[in-house]
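Engineer: Okay, here's the structure, questions in a sec.
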Amino acid sequence: MKMPLDPALSLEAKALTALAFRNGPIEDLHAGKPCSLCSGRPEYSHVSNEEMKKIMKAAVTAMYRLLWQRENDPLAYRKSLALGQRYTQQWDDPDVETPRQR
């Protein structure tokens, strides 16, 4: 089933992603110098287990805060989304060809 692109939902998804991922520990990894030996080579891990755990923990914490705001403090949620949307104005819309099933 093809999902239609909902522009408002797309903006919300991008804002949440910025707030949960981009502005967390992953930005520290992104800010570093690329490895000249392993850059672009998928057979090498580019993120350690400890770094991945830190990234995911920060994302879960941010998503929990945002979802809590959505349910309990809608004004704070709208303000958070507005902040996230400042980072994502030039981002591509999500791919909506088929929902991901795992």
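The values are calculated or read from the model by the stated rules, or taken from the named source; none is laboratory data. As the structure is a prediction and not an experimental result, all values here were calculated from the model. In this analysis, Cβ positions are derived from the backbone assuming ideal geometry, glycine residues included, and neighbour counts consider all displayed protein chains.
Engineer: If I filter the range 88-98 for residues that are crowded, with 16+ Cβ neighbours inside 10 Å, part of a helix (DSSP H, G or I) and modelled with pLDDT of 90 or more, do I get at least one hit?
Structural biologist: Scanning the range 88-98 turns up no residue that is crowded, with 16+ Cβ neighbours inside 10 Å, part of a helix (DSSP H, G or I) and modelled with pLDDT of 90 or more.
Engineer: Could I ask something else about it? Would you mind stating whether residue 16 is surrounded by 13 or more Cβ atoms within 10 Å (Cβ to Cβ), among the aliphatic types (A, V, I, L, M), in contact with a helix residue (DSSP H, G or I) (Cβ under 9 Å, 6 or more places away or on another chain) and over 19 Å from residue 56 (Cβ atoms)?
Structural biologist: no
Engineer: If the requirement is being at negative phi, surrounded by 11 or more Cβ atoms within 10 Å (Cβ to Cβ) and of a type in the set (S, T, N, Q), which of these qualifies: 39, 10?
Structural biologist: After applying the criteria, what remains is 10.
Engineer: Is there any pair linking a residue in the range 22-46 that is closer than 27 Å to residue 80 by Cα to one that is at pLDDT 80 or above and of a type in the set (Val, Ile, Thr), with Cβ under 9 Å and at least six apart or on different chains, and which?
Structural biologist: 22/88; 24/55; 24/61; 25/55; 26/47; 26/55; 29/47; 29/55
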